[in-house]
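To start, the structure itself, in structure tokens.
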């Protein structure tokens, strides 16, 4: 029994390799980049390379992708080649090799414009029932890859689980206005309330998905830290998020004040992970309450695994306007 991890030099790929190796689980890591966690260097766009990599594999953890930060530096065709054609190659060769389960890491970015409520409306309560409205080539290609997974389950009975992960990267925010107002750690701490997940919990979601894939067949799940909010909070969150957070966490302001942090005045969307917890049996550990306890004890916002992986960046070059260019 062997796992294949695509994108082994990336944040999540490295996290998966580290975790599987620690459990003495046979694993092959592939990536276009050399790294201590990459066993074979090559591209998933090359079907022959994929075929060779699939030998003896029973579980595929597909984390390789072009990300949103690449939108300004890569062509739409490159996104299609990697995110769609690369995924298709993996699915085709997984079927040919008799793979038992295929776990695809997608993104909450597929929701796109569905995440932005109209002016004067409550914050959006985002569940698997929310209809995606991708707003860039990244979201379009990830949703297309999700549909390929569903097709290969329907036509070839390859169990496929799609995990729409929220933010887990440690790099600075891509929004300059946000960077000018809040520190990087302050932004990420706030996001644990509604749109961030720790990489340790992301790893356990992939492992949980692999455990349940054959019994579920096909499913799509939001992977984000468990929000403390309820649908009843959505109206006030849009206009006075501080009041909502203060009610739920009376001591948070003192902990934040020691670091010079502040809460966002408004929150426009909340990712809901209830279905993943129920159907996958996933048990995320890192939420806003856990974060506050860690900070109060003198710790950091990053889990041990997140600290071990560190920041990788998305580009070899540096950009004057921020960590990466955006359109």
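Scanning the range 297-315 turns up no residue that is more than 20 Å from residue 203 (Cα to Cα), at pLDDT 95 or above and under 23 Å from the mean Cα position of the chain (by Cα). Selection of the range 238-290 for residues being without any contact (Cβ under 8 Å) to a residue 24 or more places away in the chain, within 19 Å of residue 186 (Cβ to Cβ) and within 24 Å of the chain's Cα centre (by Cα) yields only 290. When residue 146 is tested against (1) in a loop (DSSP other than H, G, I, E, B); (2) closer than 24 Å to residue 225 by Cα; (3) touching a residue at least 12 places away in the same chain (Cβ under 8 Å), just one condition goes unmet, and that condition is (1).
I'd like to check something: does the range 181-195 contain any residue that is free of Cβ contacts under 8 Å to residues at least 60 places away in the same chain, surrounded by 17 or more Cβ atoms within 10 Å (Cβ to Cβ), within 18 Å of the chain's Cα centre (by Cα) and in a helix (DSSP H, G or I)? Checked against the condition, which is being free of Cβ contacts under 8 Å to residues at least 60 places away in the same chain, surrounded by 17 or more Cβ atoms within 10 Å (Cβ to Cβ), within 18 Å of the chain's Cα centre (by Cα) and in a helix (DSSP H, G or I), the range 181-195 yields at least one hit.
Entry remark, the range 96-138: residues being farther than 24 Å from residue 239 by Cα, in contact (Cβ under 8 Å) with a residue 40 or more places away in the chain and touching a strand residue (DSSP E or B) at 6+ places or on another chain (Cβ under 9 Å) number 13 in total. Counting the residues of the range 42-66 that are touching a strand residue (DSSP E or B) at 6+ places or on another chain (Cβ under 8 Å) and either crowded, with 17+ Cβ neighbours inside 10 Å or within 26 Å of residue 212 (Cβ to Cβ) (or both) gives 13. If only residues of the range 108-125 that are surrounded by 23 or more Cβ atoms within 10 Å (Cβ to Cβ) and under 18 Å from the mean Cα position of the chain (by Cα) are counted, the one that is farthest from residue 44 (Cα to Cα) is 111.
Here is a list: 289, 276, 241. Which entry is touching a strand residue (DSSP E or B) at 6+ places or on another chain (Cβ under 7 Å) and part of a helix (DSSP H, G or I)? Just a single option satisfies the conditions, and that option is 276.
The residues of the range 64-95 that are assigned to a loop (DSSP other than H, G, I, E, B) and either at positive phi or in contact (Cβ under 8 Å) with a residue 60 or more places away in the chain (or both), listed by number, are 65, 66, 67, 71, 72, 73. Of the residues making up the range 221-235, just one is assigned to a loop (DSSP other than H, G, I, E, B) and free of Cβ contacts under 8 Å to residues at least 24 places away in the same chain, namely 230. Give me the pairs, please: first residue somewhere in the range 298-316 and closer than 19 Å to residue 189 by Cα, second residue anywhere and modelled with pLDDT of 95 or more and part of a loop (DSSP other than H, G, I, E, B), beta-carbon distance under 7 Å, and either six or more positions apart or on two chains. Listed pairs, sorted by first residue: 303/198; 303/286; 306/198.
Taking the conditions (1) modelled with pLDDT of 95 or more; (2) farther than 30 Å from residue 19 by Cβ in turn, residue 275 satisfies each one other than (2).
The values are calculated or read from the model by the stated rules, or taken from the named source; none is laboratory data. Just so you know, these numbers come straight off a predicted model, no measurement behind them. Quick reminder, even Gly has a Cβ in these numbers, built from the backbone with ideal geometry, and neighbours come from all protein chains shown.
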